[in-house]
Every structure is written in structure tokens, then in C-alpha cells.
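A short write-up of the structure that comes next.
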Amino acid sequence: MRWSSAFIPTRRDKPAEAETRGHELMLRAGMIKQLSSGIYSYLPPGYRVIRKLEEVVRQEMVRVGAQELFMPAMQPREIWDETGRWDKYGSNMVKFRDRNNRAYGLAPTHEEAVTDIVRALVLSYRQLPLSLFQIQTKFRDEARPRFGVIRAREFSMKDAYSFDIDEQGLDRSFQAMFDAYVRILQRLRLPSIAVEADSGAIGGTGSVEFMIPTGTGEDQIIYCDGCGYAANIEKAVSRYEPYYFDGDMLSTEIVPTPHASTIDEVSAFFDVPAQRFIKTLIYYADNTPIAALIRGDHEVNEVKLANAVGCQELVLADARTIEEITHARVGFAGPVGIDRIPIYCDDAVPLMRNALTGANQDDAHMINVNYGRDFVADQVLDMRRTAAGDHCTRCDGPLRVQRGIEVGHVFKLGTVYSEPMHATFAAEDGSERPFVMGCYGIGISRLVAAVIETSNDENGIIWPLEIAPYLAVIIPTNVDTPQIRDVAEKMYAELCEEGCEVLIDDRAVSAGTKFKDNDLIGIPVTITVGKNYLSSGLVEYRLRTGALAAIPEETAVSRVCDLSEMLRNQSERYI
Ligand SMILES: [Zn+2]
């Protein structure tokens, strides 16, 4: 491809909308263009990377015996009603009506669709095990699309589904997929951590996420260096420092606290640590208000709380609702004397003695509040958000927190889909049994983002060879010098002839601009034909990672051919 006619719209400036380094580089390298919030086009260089990455994923799926199919994104409501997920997904699913007023959704995942295929066409244990996968566009109407393609509303995913006769079969299918994911991440040179995860809207008996530690991103990984425990913060459990305050239960009392409504202000007012305070948060669980109680120095893990409540959406209530329920301004809520709403209480709260809470009156707090005597909760549970410095429940070592990007998620589903959808097969003993299922997702666009996020320098992207948009670029520093131009053109023709993915930067711009652009988009090999060629007959052969050599043009050509050949062999090995 010739740069002069290629559509590679690079830019120098840092785009205002860029939220992370990776997002910035995708925009600047001309890989993506936003159409609407969380909705992106992939431009030619970006789409070349996507196609290559899909091929890596496809090869690893085929290697573990999965077969590719393609299912529709547009799906009728009826199959989603069979599993109850039409309601469960709520407004996260894009829903609409067709011209005949029938309800449809754009699928965020395909468990129902694939189960519908298998229940109709797989009848006997003799046809099992079976693994199917697709690479497809998914839709999620995210409340807050963020970080470019990482949390987008339309995105590309590989999703696979396994069907087995029993749990042992599922264990084998799950392990094969797990291993395939490890190989995919290795081929992409991505450092990853497999963590225990919350199963969320997918359900099932257990799940593992593949996280890429990046230092940025909205996912947080909790891990222990001592024993290797690792979990998504949504799922993580930990031991926290208990806080004991001995002494007899004293009588409750309402104390005026003007100008003190935050934990810090109230702690200062009473001169006691935040551990003595019970925070009362009012949430809307779907459309029902609930109260959540947690120790003053702890935070609520909203995923744990939502799971306990069994709600689809959990959002903090607005000021007006809080005032209606507590009869006080925001900042003075407490569990004693609050209007009757369900109360969920973290399991650290009942251990507190003579605690402080809001008094449900403006500018007042209640002291000497004790669980059991002054209030009780409808449910006591672990709803605490694990934090750095907490202790590991396995080895008591200190836990650490790291931000990262979730790129893959594998689930043991068991029969949570096959039972409600009546998807059964004839077992060897003649009985009808539900399929034992697993599902396995890996984000194609997210993987691209994760690679860029973890592999870049001040000049731009550094691709693993397998997914670079082009393998090499030839840069004639001055296209007006015939000798330079001719040798560059000759090398370009030879590499094209050999089937190498090569660019020639034939633009009439400065050499500096060419170097900047090609380093920005991350071409692994740069061959420069410049003044040195005129004096020494050597070209400069530079790897994006820094190594540099002055070599004859034929050697440069054969090196690129060798690299290209190596990549071809590598992929063939996997098919
Ligand atoms: Zn540990």
C-alpha cells in the first residue's frame, strides 16, 4: 500500500475526548472514529488489526475443537422471556418493535439463541460434547460508555458455548477454553491475571475473568502476593481490621451537629474515628427504595448488594427521595426511626457498640446506637468493598489493588439455560437430560485496546508482530532524489511480489513527519533509504522496539521476507 493513497488519518494533537493513553493512541493513529457516544467506526488501519486479531482467536478456538457459526444480532423477545432475561437485562439491552409491533432486542450475548439451535438439532448424547463459537457484533446500551472502545455500546466479541452430558464433561470443556484463552493472550504478548469473578447477568455456578493489569481502566483487581489469590473487586473477599469499642450499651441521645454532615465533619465534631460511625445510604433497587448500612470507614460494594437484593439496577436515590424517607436533609440519615423501607446491613455493623448515626433530623446525629436494641436489618450480609491494605482470607497477607481491563470471561453455566428452555438430549440410559453448558467470551475490540494500553512508548503503538496493521514500511527520505526513490520503489515491488504486508511512504513530506507517523501507528519494521544510501549503499533497518542496523538493501528485503514467512508458518501451525 502506498501512503500517498492510503486512508490513514493520523493526528498530532491529543484529542480532547481521550480518556486513557490507549484511547488517545487509537484516535491519533487513525484507527477509530466516534459516531456517537460509545459507538465507533474502525478505519482501515484499525480494521486490519481487528481482522488479524480475530484470526488469532479463531485459530485457537478451532484448535480446541470449537466450530464456527454465525447467529443473528436481532432476536425476538420470546426466547429471552424463556430465561427471564428480557426483564433482567432491563435497559442495558437495546429493544425495539418491528413493523408488526413485535418486540425485538439486539443481543448483548447469545446463550438463548445458541440453546435454541441445540435443543432443536442435537438430540442424543452421541452428538456430544459440542462447542460452537462466533465472532460477532454485540450491543449493550451502557449508561456510561467510557474509555473509547473499552466500554462501548456496540462492540465485537468472540463468544463460545459448550454442551456436555455432565459436569465432568463441562469441566473438560471449560479447561480447554481456559487454556485457549491463555494461548491467545500469550500470542498477543498480553500479561494477564485470571481472577474469580461475579457471574452477573449471565449466571451459573462459577466464573473466571481474564484481566490485563494496565494501571488505568474501570475494573479493579484485588490480589495477594502471598498465596496468589486474585479476584475482581466486585467479587473479592477480605478480612478487615476489626474495631472494638468495649463498654456497656448506653442510652441513645440526639445531639445537635450544625455544619457537620460528612463522615469527616462528624468524626471531627465528636472527636471519634470513622469506625464508630454507621453510614446510611438510600438506594433505588430497581424502583424500590432501600437503606444500606455500612461502617463509616468502609464503602459499599454495589454488586454484592445488588446480588443480595436481587435487583437489576441499583442507583443512589436523589436528594428529594432521601428527604422524603428520612425527613431530613441529605447527610442526616440513620437506621433509627427511618420510614419503613427494607434495610440491608453489612456484617461489620452488628459488631459495633454505641455507634453514631444520622438522626433523621436536620443538623442532628444520634449517639449510642446499638444493633438489635435500636434497630434491626432485613438482611445482614458482606457488602463491603475490599480495599488495599485489607488482609487475605486465605493467608492473611496484605491485599493489593490494581486497575485493569477485563478482556475475557469464562462461565460454568451448568443447566441454568437448558432447564428453563427445555433443552434436553437422550442420555445413554434413555432418559431425557438437560445439556450441561459453559460459555466463554473474549472481547475483540477490547483486546486491541488492551494491547495498545500495555504496549506503547512516547512515540506511539508497539504491536506484537501478529496483529500489526502492516509488517514493514519503506521510507525514502526524499522522493525527489531519483536514486533514493528508485531503490525504495524496487524494494517495495520485491516485497509486494513476495506477499509481504508492506507500506511505502511515498508522500512528499519531511522524513521527520514520516518517522513520526509510522512510529505512531506502530509499524514493526522501518526501512529508511536516505543520504547514507547515496554514500555507502546501505539502508537503515530499524525495529519499532529500537534495534537498528545499516545493511544492504537485499539483506533488508530478505529479513522482511523471513519475518513474513515466520508469521505465516506460525498461524498455519495453529490451524
Ligand atoms: Zn493470600
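Since every read-out is calculated from the coordinates, none of them should be taken as a lab result. What you see is a predicted model; the values in this text were computed from it and never measured. Positions of Cβ are backbone-derived with ideal geometry, glycine not excepted, and every protein chain shown enters the neighbour counts.
From the backbone phi of segment 33-43, what are the Karplus-calculated ³J(HN,Hα) couplings (6.51 cos²θ - 1.76 cosθ + 1.60, θ = phi - 60°) in whole Hz, Gly and Pro given as x? After applying 6.51 cos²θ - 1.76 cosθ + 1.60, I find 9, 6, 9, 7, 3, x, 10, 10, 8, 9, 7 Hz. Taking one quarter of the surface of the C-alpha convex hull of the chain gives a mean projected area of 33.5 nm². The separation of segment 359-412 from segment 537-556, counted between C-alpha centres, amounts to 57 Å. Restricting the trypsin sites (Lys or Arg not before Pro) of segment 334-420 to loop positions (DSSP other than H, G, I, E, B) with no more than 13 neighbouring Cβ atoms within 10 Å leaves R340, R373, R394.
Proximity of backbone amide H atoms, modeled 1.01 Å from N, is registered between D382 and D347 at under 5 Å, excluding neighbours fewer than 5 places apart on the same chain. Only alpha carbons enter this Debye calculation for segment 351-471, each as an equal point scatterer, and the log10 of I(q)/I(0) it gives at q = 0.11, 0.20, 0.21 Å⁻¹ is -0.89, -1.17, -1.21. For segment 470-574, DSSP calls about 55 percent of its internal beta bridges antiparallel.
Across segment 146-155, coupling constants 3J(HN,Hα) worked out from phi with the 6.51/-1.76/1.60 Karplus curve, θ = phi - 60°, read 8, 6, x, 7, 6, 10, 10, 8, 10, 8 Hz, and Gly and Pro carry x. Which percentage, to the nearest 5, of the DSSP beta bridges contained in the chain is antiparallel? Percent antiparallel among DSSP bridges in the chain is about 80.
Compared with the rule-of-thumb size 2.2 N^0.38 Å for a compact globular protein, segment 253-381 has a Cα radius of gyration ratio of 0.97. In this simple spin-label approximation, E253 and E554 carry label points 7 Å from Cα along the Cα→Cβ vector, and these lie 9.8 nm apart.
Scanning the chain for cysteines with no neighbouring cysteine C-beta under 4.7 angstrom from their C-beta gives C311, C345, C439, C496, C500, C561. Give me the net charge of P398's neighbourhood, meaning all other residues with Cβ under 13 Å from the Cβ of P398; Lys, Arg count +1, Asp, Glu -1. Overall, the nearby charge balance is -1. Expressed as a whole number of Å, what is the distance separating the alpha-carbon centroids of segment 117-182 and segment 458-533? Rounded to whole Å, the Cα centres lie 40 Å apart. Straight Cα distances below 18 angstrom link K235 to the lysines K304, K412, with same-chain residues fewer than 8 positions distant left out. Normalising the average separation of contacting C-alpha pairs (under 8 angstrom, six or more residues apart) by the number of residues puts the relative contact order of the chain at 17 percent.
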